[in-house]
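This report refers to the structure that appears directly beneath it.
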Amino acid sequence: MTSLFCRHNRFTADCPICSKGTVLDPARQSARPAAPRSSTPRPSRGGGRRQAPPGAVARTVTGPYASAGPYAGEDGGRYEVRLERVPGGVRLASWSGGALARRAPELAALDLARLVAQARERNILQERDIEPIERALAVEPADGAAAEHGASAGRAGDLREELRVEPVADGRLRVARWIYRPNRGWELQDAPVMLPAKRIAEALRDAARGGVLARAGGQATRSAMPGYATTSPEESYSSSHSNPNAGAA
């Protein structure tokens, strides 16, 4: 055992005579060779995630979903519309080539009820979420209803926001958020919809009561008939009045 003081009345660690050749010898400590460092990275002990090797492709992770389609897109490709549960609510989005499309979903009005029925069959949503949506689709149009869209009002920070269900071409419905910006008006948010199921049910109920769903569904049925050509009411009126013999049997 090494004493604190040496026979030269110094601290043993400070004495160049008594500390020589011991573990207290500074020359011995400096002469100790450093251990070579490995070039191979050591795994972290903190449970961190491993880095993917170069060239690895990220996976698209999805959960259970109900789908409608496929449909032809404006870019010539094909897409489907998926309804799935996400944290905090429901996501309604277009998917193309196995990837989430960054645009608002559009689907055939006739497929809407089948999409919700498929979600019920596969237990995609909880009962408290899917039941209001089912009841919204069962609402009958009001007498003389001719609304341009159905809406569920909300807020996006300090701005007014609406989730709208509105008809587009060929009997399809677009489900999208719109934000009102002062001095600029309403702007379409062309992106997937992720909101509580209550908001989607409200928009569908308003669209059903306003006759939006019925009109879009009727247009889809007519467009599927052989020889059917899409004609606007203005074109029909102009055509019938330009020919005095039109409608005469």
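Run the dipole for segment 65-223 about the Cα centre, Lys and Arg Cβ at +1, Asp and Glu Cβ at -1, nothing else charged, and hand back the magnitude in debye, nearest 20.
Dipole magnitude for segment 65-223 comes out near 240 debye.
Which residues' amide hydrogens lie under 5 Å from the amide hydrogen of residue 103, considering only partners 5 or more residues apart or on another chain, with H built in the peptide plane?
94
Once amide H atoms are placed 1.01 Å from N in the peptide plane, what residues at a sequence separation of 5 or more from residue 108, or on another chain, have their amide H within under 5 Å of its amide H?
For residue 108, whose amide H was placed from the backbone, the distant partners under 5 Å are 173.
What distance in nm separates the two pseudo spin-label positions at residue 188 and residue 170, each 7 Å out from Cα along the beta-carbon direction?
1.6 nm
Relative contact order of segment 65-223: what whole-number percent is it, with Cα pairs under 8 angstrom and at least 6 residues apart?
Once normalised by length, the contact order is 27 percent.
Work out, step by step, the length gained on full extension between residue 158 and residue 100: first 0.36 nm times the residue separation, then minus their alpha carbon distance; give nm to one decimal.
Value of the extension gain: 18.0 nm.
Considering the options 147, 92, 168, tell which one lies farthest towards the positive end of the dipole of segment 65-223, charges being +1 on Lys and Arg and -1 on Asp and Glu at the Cβ, about the Cα centre.
92
Please turn the phi angles of segment 143-155 into ³J(HN,Hα) values with the Karplus equation 6.51 cos²θ - 1.76 cosθ + 1.60 (θ = phi - 60°), one per residue in order, whole Hz, x for glycine and proline.
4, x, 5, 8, 6, 6, 6, x, 9, 10, 7, x, 10
For every other residue with a beta carbon closer than 10 angstrom to the beta carbon of residue 147, add +1 if it is Lys or Arg and -1 if Asp or Glu, then tell me the sum.
Neighbourhood net charge equals -1.
Roughly how many nanometres apart are two label points built 7 Å out from the Cα toward the Cβ at residue 74 and residue 142?
If labels sit at residue 74 and residue 142, their model points lie 3.2 nm apart.
Taking the highest mean first, how do the peptides 142-149, 124-131 order by number of other beta carbon atoms within 10 angstrom per residue?
Ranking the peptides 142-149, 124-131 by packing returns 124-131, 142-149.
Could you list which residues have their amide H under 5 Å from that of residue 160, counting only those 5 or more apart in sequence or on another chain, with H placed in the peptide plane?
180
Of the listed peptides 100-108, 66-74, 171-179, what is their order by residue-averaged count of other C-beta atoms within 10 Å, with the highest listed first?
Descending packing order for the listed peptides: 171-179, 100-108, 66-74.
We did not get these values from a lab; they are worked out from the coordinates using the rules stated. Because the structure is a prediction, the values reported are computed rather than measured. Note that each Cβ is placed from the backbone with ideal geometry, even for glycine, and that neighbours are counted across all protein chains shown.
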